[in-house]
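K.L.:
My questions will all concern the structure given below.
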Amino acid sequence: MGVEIERKFLVRGNHWKTLGQGILLRQGYLSSAPDRIVRVRIEGEAAMLTIKGRNIGATRGEWEYPIPLDDARNFFDSLCEKPVIEKTRYRIPYQGMIWEVDEFLGENAGLVVAEIELQSEQQSFAMPDWVGEEVTHDTRYFNANLLRHPFSKW
């Protein structure tokens with residue numbers, strides 16, 4: 001079984017934008033139920049199908065599979081829940097770790113979240129000065145929840 005251990009934080013300021021180059025991501029959900037997320041993602045010219053289980057703390061099951069780009073586009077057009085989540089992702093190295101900073105677009109514009117993947121929930125890590133409040137356990141910030149409750153409506 002694949003496992004994802006991830007912590008999520010709000011981002012302060014804009015300085016972080018100078019530390020990495022962004023790439024557009026589009027995420028569509030075939031299922032956004034809390035017990036089983038099934039997501040299609042297009043990042044550049046690559047597409048992935050991702051299946052995630054329910055969070056237990058900062059940990060959950062995760063399985064990812066590459067799929068043909070044309071299949072992903074067809075899923076977006078015919079099967080995915082609307083609206084599609086769009087964001088620009090920056091991968092920023094900091095003290096031996098990679099932070100993924102997502103700047104959301106569309107109805108979620110204004111929301112900027114940083115995530116770090118860990119080997120264990122107890123793993124220590126250094127936090128850059130642009131990382132703010134932790135929101136790992138706040139379900140409002142789960143991408144699948146941003147479909148029904150976009151940031152602009154909070």
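K.L.:
Assess whether Ile92 counts as being part of a strand (DSSP E or B), under 17 Å from Trp16 (Cα atoms) and either open to solvent by 70 Å² or more (accessible area, probe 1.4 Å) or in contact with a Cys (Cβ under 9 Å, 6 or more places away or on another chain) (or both).
P.N.:
Against the criterion (part of a strand (DSSP E or B), under 17 Å from Trp16 (Cα atoms) and either open to solvent by 70 Å² or more (accessible area, probe 1.4 Å) or in contact with a Cys (Cβ under 9 Å, 6 or more places away or on another chain) (or both)), Ile92 does not qualify.
K.L.:
Of everything in the stretch 4-33, what is open to solvent by 20 Å² or more (accessible area, probe 1.4 Å) and more than 15 Å from the chain's Cα centre (by Cα)? Give them in sequence order.
P.N.:
Arg12, Gly13, Asn14, His15, Lys17, Thr18, Leu19, Gly20, Gln21, Leu30, Ser31, Ala33
K.L.:
Where the second residue is surrounded by fewer than 15 Cβ atoms within 10 Å (Cβ to Cβ) and the first is over 15 Å from Arg39 (Cβ atoms) and lies in the stretch 59-74, which pairs have Cβ atoms under 9 Å and are six or more apart or on separate chains?
P.N.:
Thr59/Val3; Thr59/Ser120; Thr59/Glu121; Leu69/Glu45; Leu69/Ala46
K.L.:
From (1) over 15 Å from Glu6 (Cα atoms); (2) without any contact (Cβ under 8 Å) to a residue 40 or more places away in the chain, pick out the condition that doesn't hold for Met97.
P.N.:
(1)
K.L.:
Continuing with this model, one more query. Counting only residues that are of a type in the set (D, E, K, R) and in a helix (DSSP H, G or I), which one in the stretch 96-154 is surrounded by the most Cβ atoms within 10 Å (Cβ to Cβ)? Outline the logic, then answer.
P.N.:
Step one: filter the stretch 96-154 for residues of a type in the set (D, E, K, R), giving 100, 102-103, 107, 115, 117, 121, 129, 133-134, 138, 140, 148, 153.
Filter once more, keeping what is in a helix (DSSP H, G or I): 107, 140, 148, 153.
Values: Glu107: 17, Arg140: 11, Arg148: 10, Lys153: 9.
The residue in question is Glu107.
K.L.:
Any chance the stretch 53-61 includes a residue that's under 22 Å from Glu103 (Cα atoms) and polar (S, T, N, Q)?
P.N.:
Within the stretch 53-61, none of the residues are under 22 Å from Glu103 (Cα atoms) and polar (S, T, N, Q).
K.L.:
Right, another one. Specify which of the listed residues (Gly44, Gly22, Gly53) is of a type outside the set (D, E, K, R) and modelled with pLDDT of 95 or more. Working first, answer last.
P.N.:
On the way: Gly44 fails: modelled with pLDDT of 95 or more; Gly53 fails: modelled with pLDDT of 95 or more.
From the options Gly44, Gly22, Gly53, the qualifying one is Gly22.
K.L.:
Name the residues in the stretch 1-20 that are over 21 Å from Asn108 (Cβ atoms) and part of a loop (DSSP other than H, G, I, E, B), would you?
P.N.:
Met1, Gly2
K.L.:
Oh, and also: Please work out which one of (1) in a strand (DSSP E or B); (2) open to solvent by 40 Å² or more (accessible area, probe 1.4 Å); (3) more than 24 Å from Ile5 (Cβ to Cβ) is the condition Ala47 fails and give its number.
P.N.:
The single condition Ala47 does not satisfy is (2).
K.L.:
Another question, then. Is it the case, given these coordinates, that Ala72 is modelled with pLDDT of 95 or more, surrounded by 14 or more Cβ atoms within 10 Å (Cβ to Cβ) and part of a helix (DSSP H, G or I)? Walk me through it before giving the result.
P.N.:
On the way: modelled with pLDDT of 95 or more: yes; surrounded by 14 or more Cβ atoms within 10 Å (Cβ to Cβ): yes; part of a helix (DSSP H, G or I): yes.
Against the criterion (modelled with pLDDT of 95 or more, surrounded by 14 or more Cβ atoms within 10 Å (Cβ to Cβ) and part of a helix (DSSP H, G or I)), Ala72 qualifies.
The values are calculated or read from the model by the stated rules, or taken from the named source; none is laboratory data. Computed from a predicted model, the values in this text were never measured in an experiment. Glycine also receives a Cβ, built like all others from the backbone with ideal geometry; neighbour counts cover every protein chain displayed. These area figures cover heavy atoms from the full protein model, side chains too; ligands, DNA and RNA do not enter into them. Shrake-Rupley method; radii C 1.70, N 1.55, O 1.52, S 1.80 Å.
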